[in-house]
Amino acid sequence: MMRFCDITLSLPVMVMALGVAVALGPSLRSAVIAMVVAWWPGFARIARAEMRTVITSPYVEAARVLGAGRWRLMLRHVLPNSLDGVYVQATLEIGGATLIMAGLSFVGAGAQPPSAEWGAMVETGSRYLTSAWWISVVPGLLITITALAFALSGDSLRNRNHPDATLA
């Protein structure tokens, strides 16, 4: 399974998302499915690494010695203590997901009119850049601010949960 994740991670996220969205047809649903297909391997690797760390913890060994079964160990001890890294990664990736969704809508593979989507608004306004530049600039700024806000909040969450972590 991890080898398949490695193969999937070797492809650029935007290219994979664009390929899946185009194959499924232009809609918000296909764009969301494309995002899930493009991003699940990163989350799978993080969850696996966290679980491998937690499973060797003394409290899990103690629960095993006291007779806890595999399912109880997994559901009660390992899984809840392994999700911290996944939460942080999800918060960090929301900004990137916003950019990818806007990009898919900009090229016509995402949400279609009359759905209000920032990428589609930027594309519509690109025809009027010389006379009404704000039609494209305002949604573009909102995309940027949203992506930056989620990236900073994810970084803050990571620093709060892992104070020894540095910016990568």
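The values are calculated or read from the model by the stated rules, or taken from the named source; none is laboratory data. Remember, predicted model here, so these are calculated numbers, not experimental data. Don't worry about glycine lacking a Cβ; one is built from the backbone with ideal geometry, like all the others, and counts go over all protein chains shown.
Can you give me the ranges of the helices (runs of 4 or more DSSP H) entirely in segment 39-143 with at least 2 residues that are β-branched (V, I, T) and within 30 Å of D6 (Cα to Cα)?
Per the criteria, 79-106.
Look through L9, L24, L79, L73 and report the one residue that is more than 22 Å from T146 (Cα to Cα) and touching a Lys or Arg at 6+ places or on another chain (Cβ under 7 Å).
L73
Examine segment 124-144 for a residue that is out of contact with any Cys (no Cβ under 9 Å at 6 or more places or on another chain), among the charged types (D, E, K, R) and touching a residue at least 12 places away in the same chain (Cβ under 8 Å), and state whether such a residue exists.
Within segment 124-144 (the criterion being out of contact with any Cys (no Cβ under 9 Å at 6 or more places or on another chain), among the charged types (D, E, K, R) and touching a residue at least 12 places away in the same chain (Cβ under 8 Å)), the answer is no, since none of the residues qualifies.
Identify, by number, the condition in (1) out of contact with any Ser or Thr (no Cβ under 7 Å at 6 or more places or on another chain); (2) of a type outside the set (F, W, Y); (3) under 25 Å from V22 (Cα atoms); (4) assigned to a helix (DSSP H, G or I) that A147 doesn't meet.
Result: A147 fails condition (1) only.
Within segment 61-84, is there a residue that is at pLDDT below 90, of a type in the set (G, A, S) and in contact with a helix residue (DSSP H, G or I) (Cβ under 6 Å, 6 or more places away or on another chain)?
Taking every residue of segment 61-84 in turn, at least one turns out to be at pLDDT below 90, of a type in the set (G, A, S) and in contact with a helix residue (DSSP H, G or I) (Cβ under 6 Å, 6 or more places away or on another chain).
Output the residues belonging to segment 139-168 that are β-branched (V, I, T) and either exposed (fewer than 14 other Cβ atoms within 10 Å of the Cβ) or at pLDDT below 90 (or both).
Scanning segment 139-168 gives I145, T166.
When only residues in segment 40-70 that are surrounded by 15 or more Cβ atoms within 10 Å (Cβ to Cβ), touching a residue at least 12 places away in the same chain (Cβ under 8 Å) and small (G, A, S) count, which is nearest to V20 (Cα to Cα)?
G42
Among the residues in segment 52-63, are any under 27 Å from L157 (Cβ atoms), out of contact with any Lys or Arg (no Cβ under 7 Å at 6 or more places or on another chain) and among the aromatic types (F, W, Y)?
Among the residues of segment 52-63, at least one is under 27 Å from L157 (Cβ atoms), out of contact with any Lys or Arg (no Cβ under 7 Å at 6 or more places or on another chain) and among the aromatic types (F, W, Y), which makes the answer yes.
Say whether the condition of being free of Cβ contacts under 8 Å to residues at least 12 places away in the same chain and under 21 Å from M35 (Cβ atoms) is met by at least one residue in segment 93-115.
Yes, segment 93-115 has at least one match.
Within segment 68-103, which residues are closer than 28 Å to L28 by Cα and touching a Ser or Thr at 6+ places or on another chain (Cβ under 8 Å)?
T91, G95, T98, listed by residue number.
What pairs can you find where one residue is in segment 1-18 and under 18 Å from S30 (Cβ atoms), the other is surrounded by fewer than 16 Cβ atoms within 10 Å (Cβ to Cβ), and their Cβ atoms are less than 6 Å apart, with a gap of 6+ or different chains?
none
Could you tell me which of the residues V78, V88 is hydrophobic (A, V, I, L, M, F, W, C), touching a His at 6+ places or on another chain (Cβ under 9 Å) and within 23 Å of G42 (Cα to Cα)?
V88
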